[in-house]
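Colleague: Following this message is one structure expressed as structure tokens.
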Amino acid sequence: GCEKEAGSSMWIYVLLGNLLRGIGETPIQPLGITYIDDYAIEENAALYIGCVQTVAIIGPIFGFLLGSLCAKLYVDIGFVDLESVTITHKDVQWVGAWWLGYLIAGVISVLAGIPFWFLPKHLPKPQTRKDSSTSSEQSKFITEDEKDQHKSYQQKVKIAELAKDFLPSLKNLFGNPVYSLYLCASIIQFNSLIGMVTYKPKYIEQQYGQTSAKTNFVIGLINIPAVAFGIFSGGLIMKKFRISVLGAAKLSLGSSFFGYLLLLSLFAMGCENSDVAGLTVSYYGTKQMTDYEQALFSECNSGCACSKNDWDPICGENGVTYISACLAGCQASNGSGKNTVFFNCSCVGTLESPSRSSSAVVGPCQKGNDCPKMFLYFLVISVITSYTLSVGGTPGYILLLRCIKPHLKSFALGIYTLAIRVLAGIPAPVYFGVAIDTTCLKWGSKRCGGRGACRLYDSSALRHVYLGLTLVLGTVSIFFGVAVLWVLRKRSSPQDETLSANGERGACGTKSRKDNFVNSDHLIQTTYWPEKETRL
């Protein structure tokens, strides 16, 4: 009966809402970027794509700031008397108005979708590309005869024929070693980045003792702008220096390498565990507890009949946090709600003078004196790392677009987006969460019994698991990036490396290899015309 009363099926609505949101936002990447690449001047494509990616990052800045505001509002605001709430937003048990952000963002998303109806189906092509449906670097893949043959089928194609071409197109796509290796590198790197970003708020809260509202504010105001600036910088560098495909691969690999190298320094920027009686310190001040559950009880609280499942932390005047006023041995209190002060706490006095009883206030104690300084260092390195890793984003997209046949562009980006979301977006938060949970020192309990959320983590173990898993995945992705670079170098002649992205030849192949690519075109559909997929 308790389980049935406590359970709720409302999560289904959140699931369906996220499903619809995903369906709506997914086409923007593969089709939108292809739309830009089809109609933009070739040397400007990288800058435009960088701008689109940057604008997509600016949204979460406002999202995190909105989240920070909502996190300070109580979850049942408007339905309960806020004066009766005995905790503040700084308490770990506080639940903010998470639902409010969905309503506001949902209305804005609907309004933002309206202008898409007014975009033209086709734009006038730049003069330099009017006579070619492909970029100069891609032109090696299709001969002139085939282009004419493709155009003759423009009016005859049917959806059934497109469906029949799916498997040959897929086979041809994964037969491209550059695409396959870059896809593997991206999947592993996004596993690293998605896991890191998902648990970054929890890491900041637990490692540095910050509130969820402040954490959201910091991430939104500092970290995400660094990512946006990094993506824009990558596109600007590509345009300014007219970087070739081989150069784009080097830039993407270099940004990953130096980004993860900077991440190493975060191992030294952690805080010690908070002093929590019975968990990280004993009631008599000695460190390193062994049996956590049994250590919660001591002589000073033996006559209080306390529950070990409660989590209502109080801060003793000795600077030690106690799991509850009962376990602190407190026998009297004054005030109410957030202003409650406990007196005659027998356990608070045992650390300094066993014969002296002391007082305590509601809420956990603050972290050590060095923690705010470490948090500042963490923010600085985190911002630099975010910028460095993001610089390689746009060059990576250009590498992807230039090393596939032009009529597979939308298809390739669609498969890429699908693979990232399914193989990185879904599993990464799961196994990161499982790994992080192994560092828990104190579990909460559900209303009807059973294990609830973690209340306290081992700071040192959390730091090593969180950063270690991120770095291991990042290192593996770098090896795949090196493999991509090796394949590109193998396909390019020395003089190709100096040519820009709008040159007559690129690093994805040479004229000596042109026939090999063309001969494999029997795997591709013959019913092709320029912008086939985006028109469909």
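Colleague: Collect the residues in segment 434-462 that are open to solvent by 20 Å² or more (accessible area, probe 1.4 Å) and either charged (D, E, K, R) or within 11 Å of Y199 (Cβ to Cβ) (or both), keeping them in residue-number order.
Modeller: Result: A435, D437, K446, R447, R451, R455, D458.
Colleague: Looking only at residues that are in a helix (DSSP H, G or I) and touching a Cys at 6+ places or on another chain (Cβ under 6 Å) in segment 71-105, which one is least open to solvent (accessible area, probe 1.4 Å)?
Modeller: Among those that are in a helix (DSSP H, G or I) and touching a Cys at 6+ places or on another chain (Cβ under 6 Å), it is G101.
Residue-wise test of (1) farther than 29 Å from F229 by Cα; (2) free of Cβ contacts under 8 Å to residues at least 12 places away in the same chain; (3) not assigned by the TED database to the domain that holds L251.
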| site | (1), (2), (3) |
| --- | --- |
| S358 | yes, no, yes |
| M374 | no, no, no |
| L399 | no, no, no |
| R402 | no, no, no |
| K405 | yes, no, no |
| L413 | no, no, no |
| P427 | no, no, no |
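Colleague: For the list (1) under 25 Å from A461 (Cα atoms); (2) assigned to a helix (DSSP H, G or I), I need the number of the one condition that N273 fails.
Modeller: Going through (1) under 25 Å from A461 (Cα atoms); (2) assigned to a helix (DSSP H, G or I) one by one, N273 breaks only (2).
Yes or no, residue by residue, for (1) assigned to a helix (DSSP H, G or I); (2) more than 30 Å from A71 (Cα to Cα); (3) more than 20 Å from the chain's Cα centre (by Cα):
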site	(1), (2), (3)
L170	yes, yes, yes
C184	yes, yes, no
F190	yes, no, no
G195	yes, no, no
Q206	yes, no, no
F217	yes, no, no
L221	yes, no, no
A228	yes, no, no
M238	yes, yes, yes
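Colleague: Another question, if that's okay. Any residue in segment 408-431 that is in contact with a Phe, Trp or Tyr (Cβ under 8 Å, 6 or more places away or on another chain), more than 19 Å from G209 (Cα to Cα) and not aliphatic (A, V, I, L, M)?
Modeller: Restricting attention to segment 408-431, the residues satisfying the condition of being in contact with a Phe, Trp or Tyr (Cβ under 8 Å, 6 or more places away or on another chain) are 412, 420, 424-425, 428-429.
Restricting the remaining residues to those that are more than 19 Å from G209 (Cα to Cα) gives 412, 420, 424-425, 428-429.
Right, trim to not aliphatic (A, V, I, L, M) and you get 425, 429.
Yes; the residues of segment 408-431 include at least one that is in contact with a Phe, Trp or Tyr (Cβ under 8 Å, 6 or more places away or on another chain), more than 19 Å from G209 (Cα to Cα) and not aliphatic (A, V, I, L, M).
Colleague: Condition first: surrounded by 22 or more Cβ atoms within 10 Å (Cβ to Cβ) and more than 22 Å from the chain's Cα centre (by Cα). Now tell me which residues in segment 463-488 satisfy that.
Modeller: V484, L488
Let's see how each residue does on (1) hydrophobic (A, V, I, L, M, F, W, C); (2) under 30 Å from Y182 (Cα atoms); (3) open to solvent by less than 40 Å² (accessible area, probe 1.4 Å):
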position	(1), (2), (3)
T198	no, yes, no
P201	no, yes, yes
G230	no, yes, yes
A249	yes, yes, yes
F258	yes, yes, no
L262	yes, yes, no
E272	no, no, no
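Colleague: Checking S68 against (1) open to solvent by 50 Å² or more (accessible area, probe 1.4 Å); (2) in contact (Cβ under 8 Å) with a residue 60 or more places away in the chain; (3) in a helix (DSSP H, G or I), which single condition isn't satisfied?
Modeller: Going through the list (1) open to solvent by 50 Å² or more (accessible area, probe 1.4 Å); (2) in contact (Cβ under 8 Å) with a residue 60 or more places away in the chain; (3) in a helix (DSSP H, G or I), S68 breaks only (1).
The values are calculated or read from the model by the stated rules, or taken from the named source; none is laboratory data. Computed from a prediction, not measured in an experiment: that's the story for all the values here. Glycine gets a Cβ as well: all are built from the backbone with ideal geometry, and neighbour counts include every protein chain shown. Remember, those area values only see protein heavy atoms, side chains included, never the ligands or the DNA or RNA. Shrake-Rupley method; radii C 1.70, N 1.55, O 1.52, S 1.80 Å.
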